[in-house]
Amino acid sequence: MKLSAPIHVLKSKAKDLKKSKSITMAEALKEVAKSEGYSSWSLLQSKAKDMFPKTSEEILGYLNPGDLMLIGSRPGLGKTTFTLQLLLQAVKEKRRCYFFSLEVTHKDVASKVADLDENIGQNNPFLKFDFSDEISSQHIKEQTNDGLVEGSIIAVDYLQLLDQQRTKPELQVQVKELKEFAKKKGCIIIFISQLDRSFESKDKDRPGLEDVRLPNPVDLRLFNKTMFLHNGKKIFTSPASFELD
């Protein structure tokens, strides 16, 4: 059974219940657990670990409406291809998906999509591409607002390019706007991200948020799910730490 929201969100819901109903935190947690189909909070917590994806194909099911996800790696490790795989998997579930890119060309993406699934063409009604130089938080909202339904996915390629033009709002402002938009519309927004070159010289076996390249500042805590591609593995660091080959 999949939780309706991550553990930390359910805890916040329990805190609100505690205040609104003047009950103890233990009672509020139990009430939230029951609403999720579990008899106690401790049982819900123990079962939550079983809900982590065990294969790449299960990652889509790990994403909840309202999620802001960051997928990062050094260049050439497949983060764009993997993101497209998630979108194509969602398209097969009849979810509306959007891919906005300031980095790759239409031709490059068309080739990748054809390689990944020759049955999903460029004119699929559930999959839209946008390679405009005008891509920003406002542009993304305008282009998707009327077509989004709960569970729709928006992918942005890539994070560090959103405010490259000085005429566009600061990166922090844009990410906050899109986070609010995701919550309001019940969609999932995935940001592809570059990592600093300095990571390669560090004695580390895995990247972390501290390795995300930030030419302009943004609070990375805005992303409630983060995943890095490294050494052939998919490494989640938030909201829990685990690896997939």
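For the reader, a short list of remarks on this structure follows.
- Odd one out for Q138, checked against (1) surrounded by 16 or more Cβ atoms within 10 Å (Cβ to Cβ); (2) within 26 Å of Q165 (Cα to Cα); (3) in contact with a Pro (Cβ under 9 Å, 6 or more places away or on another chain): (1)
- Members of segment 62-84 that are assigned to a helix (DSSP H, G or I) and farther than 12 Å from I153 by Cα: Y62, K79, T80, T81, F82
- Taken over segment 188-245, residues that are buried (at least 20 other Cβ atoms within 10 Å of the Cβ) and small (G, A, S) amount to 1.
- Restricted to segment 147-166, and to residues there that are modelled with pLDDT under 95 and out of contact with any Lys or Arg (no Cβ under 9 Å at 6 or more places or on another chain), the residue that is farthest from M69 (Cα to Cα) is R166.
- Listed by first and then second residue, the pairs with beta-carbon distance under 8 Å, at least 6 apart or on different chains, first residue in segment 6-21 and at pLDDT 85 or above, second surrounded by fewer than 17 Cβ atoms within 10 Å (Cβ to Cβ) and among the small types (G, A, S), are L10/S4.
Let's see how each residue does on (1) in contact with a Pro (Cβ under 6 Å, 6 or more places away or on another chain); (2) of a type in the set (A, V, I, L, M); (3) more than 28 Å from C97 (Cα to Cα); (4) free of Cβ contacts under 8 Å to residues at least 40 places away in the same chain:
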residue: I189; (1), (2), (3), (4): no, yes, no, no
residue: Q194; (1), (2), (3), (4): no, no, no, no
residue: D203; (1), (2), (3), (4): no, no, yes, yes
residue: R206; (1), (2), (3), (4): no, no, yes, yes
residue: P215; (1), (2), (3), (4): no, no, yes, no
residue: R221; (1), (2), (3), (4): no, no, no, yes
residue: T226; (1), (2), (3), (4): no, no, no, no
residue: S238; (1), (2), (3), (4): no, no, no, yes
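- Scanning segment 166-181 turns up no residue that is outside any helix (DSSP H, G or I), touching a strand residue (DSSP E or B) at 6+ places or on another chain (Cβ under 8 Å), assigned by TED's automatic domain parsing to the domain that holds G66 and not hydroxyl-bearing (S, T, Y).
The values are calculated or read from the model by the stated rules, or taken from the named source; none is laboratory data. Quick caveat: nothing in here was measured; it's all calculated off a predicted structure. Note that we place each Cβ from the backbone using ideal geometry, even for glycine, and neighbour counts take in every protein chain shown.
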